[in-house]
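Derivation of every value follows stated rules applied to the coordinates shown; laboratory data play no part. Values in this document were obtained by computation on a predicted structure and should not be read as measured data. With ideal geometry, Cβ positions are generated from the backbone for all residues, glycine too; neighbour counts draw on all protein chains shown.
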Amino acid sequence: MAVIDMRVAVLSTQQKGETFKALEEDADYAAKVEQAQTLQADRQALAETLQKDGETMSQEEVASAQKSIQDKSQELEFIVGQIQAKQNETAEKIFRDMNPSLQKILQELLAAKQGSRPCKKRYCYFC
């Protein structure tokens, strides 16, 4: 028996690479990635400063640094969510665009292979 994960098959194609490369070159997407990297670096620098100098800092400075780390973490989480949503949207578009071709190929495989079980939405089983 063989199992084909159609999503993995589609996302392993050259079209996936080209489409995701175009996404990475999109100005809005690239700006979000850069913003996320900057927030991560800022948050890390604040954490290191707090760890290194925390004992000599006033309570107000420590509280301010902790609040800033928390704020940056929340903003980073939001931006990463937007980035992941765009990546998922792009992957779904690739799958939708290629699905008719994939279905045709799978139907041909099924017709050629006797004793095969029918394809489900995401996986295809061959006995």
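General remarks:
- Within straight-line reach of K93, meaning a Cα separation under 15 Å, sit the following aspartates and glutamates at least 8 residues removed in sequence or on another chain: E18.
- Computed over the stretch 11-99, the Cα gyration tensor eigenvalues convert (square root of 5λ each) into semi-axes of 39, 11, 9 Å, ordered from largest to smallest.
- Local electrostatic count at L46 - Lys and Arg +1, Asp and Glu -1, tallied over other residues with Cβ under 14 Å: -2
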